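Peer 1: Would you mind keeping the following structure in view while I ask a few things?
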Amino acid sequence: MMFFLCGTDRPTIMEYEVIFMKHVGCYACPFGYFRIEEEAGKVIVIDVVKERAEDVSPSPVTDEAAQELAEYLAGQRRVFTIPYEFRGTPFRLQVWRELAKVPYGTTTTYKKLAEAIGRPGAYHAVGGAVGANPLSILVPCHRVIGTNGSLTGYAWGLPMKKYLLALEQQH
């Protein structure tokens, strides 16, 4: 239960800003910068951008996420422990939860993901959900390949997908 000032059952504007404040951290990485968004103590977006954002307000959670991503890229981390939250449609949430189960150093296919969620004919829709994953690397969409073993699209480009897969094979 939350308590608010002034004896009301609604938050004041200042309390509302604290409750729903979004923090954004921007951290250098080999691909440009990780732009990490956190809200209510959970990471909600990890993106790669080419230029460092000016309007940043990092938090301990975004700092921790950046540290874990750096450890992953250095081959020193296989499992992420930072708190995160998915935001999306029920179908996308189902796909992302299944995607989060794909182990480090392995791959799966869109077809196998579709079968795992009980929608064997929906592999194209699964591909759309994988492509919309807001927590790339943390939730490993780079580990999804075509049924024939080919590398397929990746939001941050195939060179980065190849890099991440090779990194996991080396460690």
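Peer 1: Name the one entry in ARG92, ARG97 that is open to solvent by 30 Å² or more (accessible area, probe 1.4 Å), without any contact (Cβ under 8 Å) to a residue 12 or more places away in the chain, out of contact with any Leu (no Cβ under 8 Å at 6 or more places or on another chain) and of a type outside the set (Phe, Trp, Tyr). Before you say what the answer is, go through the steps one by one.
Peer 2: Working: ARG92 fails: without any contact (Cβ under 8 Å) to a residue 12 or more places away in the chain.
One residue alone meets the criteria, ARG97.
Peer 1: If you don't mind, another one. Being of a type in the set (A, V, I, L, M), assigned to a helix (DSSP H, G or I) and open to solvent by 20 Å² or more (accessible area, probe 1.4 Å) is true for just one of ALA129, ALA114, ALA155, ALA166. Which residue is that? Show your work before the answer.
Peer 2: Values: ALA129 fails: open to solvent by 20 Å² or more (accessible area, probe 1.4 Å); ALA114 fails: open to solvent by 20 Å² or more (accessible area, probe 1.4 Å); ALA155 fails: assigned to a helix (DSSP H, G or I).
After applying the criteria, what remains is ALA166.
Peer 1: I've got another one for you. Run down ILE117, ILE82 and say which single residue is of a type outside the set (Ser, Thr, Tyr) and within 17 Å of the chain's Cα centre (by Cα). Let's see the steps before the verdict.
Peer 2: On the way: ILE117 fails: within 17 Å of the chain's Cα centre (by Cα).
Criteria check complete, one pass: ILE82.
Peer 1: Being within 16 Å of the chain's Cα centre (by Cα) and outside any strand (DSSP E or B): is that true of GLN94 here?
Peer 2: Values: within 16 Å of the chain's Cα centre (by Cα): yes; outside any strand (DSSP E or B): yes.
When the stated conditions are applied, GLN94 passes them.
Peer 1: Turning to a different aspect of this structure: Please count how many residues of the stretch 97-111 are in a loop (DSSP other than H, G, I, E, B) and of a type outside the set (A, V, I, L, M, F, W, C). Steps first, please.
Peer 2: Our first condition is that a residue be in a loop (DSSP other than H, G, I, E, B); within the stretch 97-111, this holds for 100-107.
Going one step further and asking which of them are of a type outside the set (A, V, I, L, M, F, W, C), we end up with 101, 103-107.
Total satisfying the criteria: 6.
Peer 1: Out of the residues in the stretch 47-89 meeting the condition of being open to solvent by 30 Å² or more (accessible area, probe 1.4 Å) and of a type in the set (Gly, Ala, Ser), tell me which one is nearest to LEU135 (Cα to Cα).
Peer 2: Within the stretch 47-89, the match that is nearest to LEU135 (Cα to Cα) is GLY88.
Peer 1: Which residue, of GLY149, GLY105, GLY75, is modelled with pLDDT under 95 and either over 12 Å from the mean Cα position of the chain (by Cα) or within 22 Å of PHE31 (Cβ to Cβ) (or both)? Show your work before the answer.
Peer 2: Working: GLY105 fails: modelled with pLDDT under 95; GLY75 fails: modelled with pLDDT under 95.
Unique residue meeting the criteria: GLY149.
The values are calculated or read from the model by the stated rules, or taken from the named source; none is laboratory data. This is a predicted model, so every value here is computed, not measured. Positions of Cβ are generated from backbone atoms using ideal geometry, with glycine treated the same way; all protein chains shown enter the neighbour counts. Just so you know, the surface numbers come from the protein's heavy atoms only, side chains and all, with ligands and any DNA or RNA stripped out. Shrake-Rupley method; radii C 1.70, N 1.55, O 1.52, S 1.80 Å.
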